[in-house]
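The values are calculated or read from the model by the stated rules, or taken from the named source; none is laboratory data. Being a predicted model, the structure only gives us computed values, none of them experimental. No Cβ is skipped: glycine too gets one built from the backbone with ideal geometry, and neighbour counts run over all protein chains shown. Surface accessibility is based on the protein's heavy atoms, side chains included, excluding ligands, DNA and RNA. Shrake-Rupley method; radii C 1.70, N 1.55, O 1.52, S 1.80 Å.
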Amino acid sequence: MVENKEVLLSVKDLKVAFGAKKHSFEAVRGISFDIYKGETFGLVGESGSGKTTVGRAIIRLIPVSGGEIIFNGERISGKIPRALDKKVIRNIQMIFQDPMASLNERAKVDYIVKEGLLNTEKGLSAQEYENRVQKALMDVGLLPEFAGRFPHEFSGGQRQRIGIARALIMKPSFIIADEPISALDVSIRAQVLNLLSNLQKERGLTYLFIAHDLSVMRFISDRIAVIHKGRLVEMAETEKLFQHPLHPYTQALLSAIPLPNPEAEKQKKLKIYDPACQDYSTDPPVWAEAAEGHFILANQAELKKYREVLQHAR
Amino acid sequence: MEREVVLSVRDLNVKFRMRKKALHAIRGISLDLYQGESLAIVGESGSGKSVLSKNFIGLLDKNGYVESGTIQFGGKDITHLKEKEWEQIRGGQIAMIMQDPMTSLNPLKSIGWQICEALKYHRKIVGQAAQKKAVELLTDVGITEPETRLKQYPHEFSGGMRQRVAIAIAVACNPQVLICDEPTTALDVTIQAQILNLLKSLKDRYGLTLVFITHDLGVVANIADRIAVMYAGDIVEIGTCDEIFYDPKHPYTWALLSSLPQLGTKGEKLYSIQGTPPNLYLPIRGDAFAPRNPNALAIDYLHRPPYFQVSETHKAKTWLLDSRAPKIAPPEQIQSIRSICFLGGETDGRE
Ligand SMILES: Nc1ncnc2c1ncn2[C@@H]1O[C@H](COP(=O)(O)OP(=O)(O)O)[C@@H](O)[C@H]1O
Ligand SMILES: Nc1ncnc2c1ncn2[C@@H]1O[C@H](COP(=O)(O)OP(=O)(O)O)[C@@H](O)[C@H]1O
Ligand SMILES: [Mg+2]
Ligand SMILES: [Mg+2]
């Protein structure tokens with residue numbers, strides 16, 4: 001757990017829309033959260049809920065249509081000075097889900113890993129670039145001689161390591177890991193998760209970890225935010241969320257976690273979230289704090305109920 | 001309990017021709033599939049799960065061949081059938097669902113047309129009766145407004161819905177055996193859980209024999225009656241669902257179970273299997289898992305272990321079960337599997 005909470009990244013009422021005015025579609029509909037220095041913040045939700053869009057908005061790959069993003073006390077969304085833009089590129093790196101699709105197939109590992117440096121640290125000598133690449137490869141448990149090979153010569157787990165090396169070489173302070181293990185075999189997932197944890201411990205990195213699966217989240221995240229159709233529906237410290245999930249969507253996600261225990265699994269009831277179970281016609285939901293640090297999207301009637309649940313739980 | 005065997009594999013060896021070399025993908029597998037059971041086949045990528053099951057529907061890639069062994073189905077050996085003979089079995093008697101449902105769906109035809117074709121070809125149901133049956137099938141796989149949905153094309157469905165359609169088409173052929181090759185691997189956990197429930201209920205309703213293939217041992221606890229664990233082209237352990245989860249014997253099964261994130265504790269290292277699977281172009285000496293097994297015995301590098309029977313339903317290929325072997329306890333994490341329970345506090349019973 002993070003002791004002295006210093007906010008590294010602050011997302012305030014973020015909105016992202018795609019498409020031209022008339023046919024515009026709002027993929028992210030006003031979400032807010034803070035990420036503290038040194039923590040792993042999990043963002044979980046089903047496909048299409050807007051997780052990747054949030055990540056891409058933070059690293060400025062897509063423009064925001066509302067709200068703002070503050071990093072290290074400076075606004076990094078919208079129009080910003082070039083120097084700050086450079087700083088963002090160096091400090092915030094993203095690791096993608098599908099290691100094959102995210103790597104340039106025709107480039108050698110050497111180029112893939114150093115590509116970011118070529119843009120931000122133009123003055124280095126060839127030897128310096130090589131040293132940095134070799135160090136990054138070793139940091140992720142790959143052999144330096146892999147630099148001369150092409151991505152297709154590697155297994156899925158190794159390709160994901162290349163993706164991580166590519167991010168690490170920039171010496172970022174904040175990494176957005178977008179479903180980094182979803183496309184991997186279970187046996188390899190553990191290796192990649194361990195690698196990410198070790199790197200965090202060694203370098204004091206801060207992570208935004210995106211996944212659709214809560215079981216992995218519990219192992220890696222300090223706090224978790226649940227996103228549904230572009231809105232956050234709940235956010236809490238990991239164990240609090242697992243012990244007292246309030247929102248029916250969070251409960252549905254939890255019930256979907258497969259349990260490797262036949263007896264428990266056979267008793268488990270799968271819950272399916274149906275938004276129609278909430279009547280918001282007269283009393284619309286707001287993003288509110290139900291208990292310290294436990295946020296929920298709920299209307300006043302629900303909020304009252306949730307507060308009672310949490311009070312009893314204590 | 002005596003049960004009817006529907007499909008019986010004996011000493012199966014399958015190889016692939018690759019330029020001048022041969023890749024030994026299935027290395028002497030024997031397996032009986034019982035009528036009405038659901039068998040999960042679990043193992044990491046490349047262990048041979050797909051190759052094994054492709055032999056059951058005559059879809060082995062062109063460069064692959066059965067070097068030796070037999071597969072008895074419907075009173076005959078199906079290892080060397082002609083394409084004409086396969087058409088009798090494929091779909092109608094043994095059907096298969098793939099990870100990507102688009103491989104079995106035609107993007108240019110409506111869902112209704114595709115279901116009706118299957119009904120016509122395999123069950124001679126046509127016209128109004130077929131329409132009615134198609135609506136029934138879509139309802140069975142949990143698709144709402146079936147009449148409207150029948151007129152739609154595959155691209156109008158989400159990934160999870162497409163998989164349901166593929167299942168409806170497979171079931172339309174009224175197969176005896178349904179093979180599901182990683183049907184949920186590309187899907188969200190919520191959808192995965194729903195598809196697993198669906199397959200389980202269809203199995204009961206239609207009396208299907210189910211073969212469920214996955215790389216994730218963590219997902220089969222509910223759907224599997226029995227579990228076969230594959231490693232490097234061989235079934236290294238097989239037993240009932242309870243036997244594999246609560247009393248696993250093979251070090252590879254131990255490793256698969258230990259690396260499940262559900263068993264991890266935050267702040268501690270998650271168990272991970274070291275090394276990589278063996279190169280199947282080269283002959284394998286001894287126990288194929290030995291180089292990755294932290295507790296490998298000297299004999300593991302020399303002689304391939306035979307099956308040791310643990311119970312009537314449970315056997316494993318590991319020298320650890322030999323009476324002369326040292327007693328090695330399974331890793332700690334998996335001894336606590338029974339205590340893994342549903343989290344999420346109060347359940348209010350809503351489903
Ligand atoms: N470049 C884009 N143009 C138009 N729509 C997009 C674009 N990227 C994402 N979307 C849409 O935004 C929504 C959220 O997508 P995404 O952030 O990728 O979800 P997730 O990562 O949670 O699966 C989806 O409906 C998706 O189709
Ligand atoms: N057509 C083919 N030619 C050569 N090798 C193949 C072919 N198909 C599969 N293999 C090899 O056979 C082995 C088993 O593959 P597969 O059954 O697809 O594994 P799994 O389904 O368990 O991931 C792998 O080593 C794979 O590379
Ligand atoms: Mg995404
Ligand atoms: Mg496969």
Given (1) under 30 Å from A:Phe154 (Cα atoms); (2) of a type in the set (Asp, Glu); (3) within 19 Å of the chain's Cα centre (by Cα), A:Glu39 misses just (1)
Pick out the one residue from A:Ser155, A:Ser187 that is surrounded by fewer than 20 Cβ atoms within 10 Å (Cβ to Cβ), of a type outside the set (Asp, Glu) and over 18 Å from A:Gly42 (Cβ atoms).
A:Ser155
For segment A:7-29, give me each residue that is surrounded by 13 or more Cβ atoms within 10 Å (Cβ to Cβ) and over 18 Å from A:His294 (Cα atoms).
A:Leu8, A:Leu9, A:Leu14, A:Lys15, A:Val16, A:Ala17, A:Phe18, A:Glu26, A:Ala27, A:Val28, A:Arg29
Show the residue pairs meeting these rules: Cβ distance below 7 Å; 6+ apart or different chains; first residue within segment A:230-245 and more than 10 Å from every other protein chain (Cβ to nearest Cβ); second residue part of a strand (DSSP E or B) and among the acidic types (Asp, Glu).
A:Gly230/A:Glu26
Kindly check whether there is at least one residue in segment A:149-160 that is within 16 Å of ligand 3 (Cβ to nearest atom), of a type in the set (D, E, K, R) and touching a residue at least 40 places away in the same chain (Cβ under 8 Å).
no
State which residue is surrounded by the most Cβ atoms within 10 Å (Cβ to Cβ) when the search covers only segment A:286-314 and only residues that are closer than 19 Å to A:Val226 by Cα and acidic (Asp, Glu).
A:Glu302
Could you give every pair whose Cβ atoms fall below 9 Å, whose first residue belongs to segment A:47-72 and is within 14 Å of chain B (Cβ to nearest Cβ) and within 25 Å of A:Tyr249 (Cβ to Cβ), and whose second residue is assigned to a loop (DSSP other than H, G, I, E, B) and within 16 Å of ligand 4 (Cβ to nearest atom), counting only separations of at least 6 or pairs across chains?
A:Ser47/B:Leu187
All helices (runs of 4 or more DSSP H) inside segment A:15-129 with 1 or more residues being more than 11 Å from ligand 1 (Cβ to nearest atom), closer than 20 Å to A:Ala177 by Cα and modelled with pLDDT under 95:
A:82-91, A:99-102, A:109-120
All but one of (1) more than 16 Å from ligand 2 (Cβ to nearest atom); (2) open to solvent by 30 Å² or more (accessible area, probe 1.4 Å); (3) in contact with a Gly (Cβ under 7 Å, 6 or more places away or on another chain) hold for B:Leu150; state the number of the condition that does not hold.
(2)
Any idea which of (1) open to solvent by less than 30 Å² (accessible area, probe 1.4 Å); (2) within 12 Å of chain A (Cβ to nearest Cβ); (3) closer than 27 Å to B:Val14 by Cβ; (4) assigned to a loop (DSSP other than H, G, I, E, B) is the one B:Leu270 doesn't satisfy?
(3)
Residue satisfying all of: in segment A:257-283; within 9 Å of chain B (Cβ to nearest Cβ) and in contact (Cβ under 8 Å) with a residue 24 or more places away in the chain; surrounded by the fewest Cβ atoms within 10 Å (Cβ to Cβ) among these:
A:Cys277
If we take segment B:3-88, then strands (runs of 3 or more DSSP E) inside it with 2 or more residues that are modelled with pLDDT of 95 or more and basic (Lys, Arg) are B:5-18
In this structure, is B:Ser258 closer than 16 Å to A:Arg189 by Cα, touching a residue at least 24 places away in the same chain (Cβ under 8 Å) and either buried (at least 24 other Cβ atoms within 10 Å of the Cβ) or not assigned by the TED database to the domain that holds B:Ser53 (or both)?
yes
I'd like to verify a number: residues in segment B:101-127 that are open to solvent by 90 Å² or more (accessible area, probe 1.4 Å) and either touching a strand residue (DSSP E or B) at 6+ places or on another chain (Cβ under 7 Å) or under 16 Å from B:Thr148 (Cα atoms) (or both), how many?
1
Looking at (1) within 16 Å of ligand 1 (Cβ to nearest atom); (2) modelled with pLDDT of 95 or more, which one does A:Ser10 not meet, given that it meets all the others?
(1)
Can you tell me which residue within segment B:35-45, out of those that are within 14 Å of chain A (Cβ to nearest Cβ) and in contact with a strand residue (DSSP E or B) (Cβ under 9 Å, 6 or more places away or on another chain), is nearest to ligand 3 (Cβ to nearest atom)?
B:Glu44
What are the residues in segment B:243-267 that are part of a loop (DSSP other than H, G, I, E, B) and touching a Ser or Thr at 6+ places or on another chain (Cβ under 7 Å), if any?
B:Lys249, B:His250, B:Ser259
Out of segment A:95-116, which residues are among the hydrophobic types (A, V, I, L, M, F, W, C) and open to solvent by 20 Å² or more (accessible area, probe 1.4 Å)?
A:Phe96, A:Met100, A:Ala101
